[in-house]
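A short reminder: the numbers here are calculations on the coordinates, not readings from a lab. Only a predicted model underlies this, so the values are computations on that prediction, with no experimental measurement involved. Using ideal geometry, Cβ is built from the backbone for each residue, glycine included, and neighbour counts are taken over all protein chains shown.
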Amino acid sequence: MSDGFCLAHLTDPHLTRPFPDHWRQLANKRLLGFLSWHLRRRHEHRPEVLAALTADLRRRRPDHTVVTGDLTQLGLPGECEQAAAWLEELGTPENVSVIPGNHDRYVAENWSVTLEKWRPYFHLAPGQPFPFVHPCGPLALIGLDSAPPSPPLRATGTLGKHQCRRLGELLERNSDRCRVVLLHHPPHREAVATRKRLTDSDRLVRLLARHGCGLVLHGHSHRWQLHWLDGPRTPIPVIGVPSASARGKRRGYRARYHLYHFRRRSPDWEVTVEIRGLEPDTGRFRLEGEWRVTVAG
Ligand SMILES: [Fe+2]
């Protein structure tokens, strides 16, 4: 597929090795996370799977790529550096956008030693809070931060009043483009367990029903998910994709990414979704399916 604007979506690469500079850095919620990574998660999130995905992605030459969080395991400063190097390989901030996930903000930490290194990919000036808006071809990418640190054994997300108010303003101001909203946590209640949910999802759902948008893209659940939210004129598709590095030991969790091809069909947008997934026998990514949807934008 070559005509139209092509947006790639991948999420939850969990690409880093979480070794602290000093073991004191694990004297908090991170200790449980480190054990979980060492005993279980490092066998599921594999660098060779992510490398195969990014090789396939490069061959598809999307116009822009979005990564909806969880680049790291524990959000350690050294991990944020590893992830920043990976982002630089993936592309420049001109053609890559990122938002944080709950693993990237695992505990309260000064951003100057962690996420500051990703700031160019957040499209935010120093000191400027989320959300960001990034005009990109016919699209307006609106990135949210749903990942303030949560207590041990929880992975909940929250947007907060201020961010939601700004989101409403940005949706209004960019209504001449196809607006794509990015957040780590799925906005619908039934998508994940209570301990992982977005606590103020009702507020976001009300906002989107009032202002509308073309698509909502998320991560966090590590599964392919499609839900619909009410929009002012037509329903809004809400789409999640599995982790970009998952071997897929559990059914439905094997690595995938999506390519969204946008074409103007005034007053709406026709979007063709190309699903590319890991083929376990070859270790390569291939086309798994395609579907088409018309969105209001
Ligand atoms: Fe994740």
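What to note about this one:
- Label-to-label distance for residue 284 and residue 199 is 4.7 nm, based on points extended 7 Å past Cα in the beta-carbon direction.
- Taking 0.36 nm per residue of separation and subtracting the Cα-Cα distance, full extension of the segment from residue 58 to residue 264 would add 71.7 nm.
- Three-way shape label, region 141-297, alpha-carbon gyration tensor, a/c 1.5: oblate
- The chain - mean residue ellipticity at 222 nm from DSSP helices (-39,500 (n - 2.57) per run, n ≥ 4, rounded to 500): -6500 deg cm²/dmol
- Neighbour-count order for 260, 253, fewest beta carbons within 10 angstrom listed first: 253, 260
- Residues in region 241-252 carry Karplus couplings, in order, of 10, x, 4, 6, 10, 7, 5, x, 4, 9, 4, x Hz; the curve used is 6.51 cos²θ - 1.76 cosθ + 1.60 with θ = phi - 60°, and Gly or Pro positions show x.
- For region 1-114: rounded, prolate or oblate by the Cα gyration tensor [a/c cutoff 1.5]: prolate
- Modelled label positions at residue 27 and residue 189, each set 7 Å beyond Cα in the direction of Cβ, lie 4.2 nm from each other.
- Each of 220, 188 was scored by other Cβ atoms within 10 Å of its Cβ. Listed from fewest to most, they are 188, 220.
- Trypsin sites (Lys or Arg not before Pro) within region 210-297, DSSP loop, no more than 14 other Cβ atoms inside 10 Å: 233, 249, 250, 251
- Rounded to the nearest whole Hz, the Karplus-based 3J(HN,Hα) values (6.51 cos²θ - 1.76 cosθ + 1.60, θ = phi - 60°) of region 100-117 follow the sequence x, x, 5, 6, 7, 10, 5, 9, 5, 8, 5, 4, 4, 9, 10, 6, 4, 5, with x at glycine and proline.
- For the pair residue 111 and residue 275, the difference between a 0.36 nm per residue extended length and the Cα-Cα distance amounts to 55.6 nm.
- Across region 21-31, computed HN-Hα scalar couplings (Karplus, 6.51 cos²θ - 1.76 cosθ + 1.60, θ = phi - 60°) run 5, 9, 5, 4, 5, 9, 7, 6, 3, 5, 4 Hz from first to last residue, x flagging Gly and Pro.
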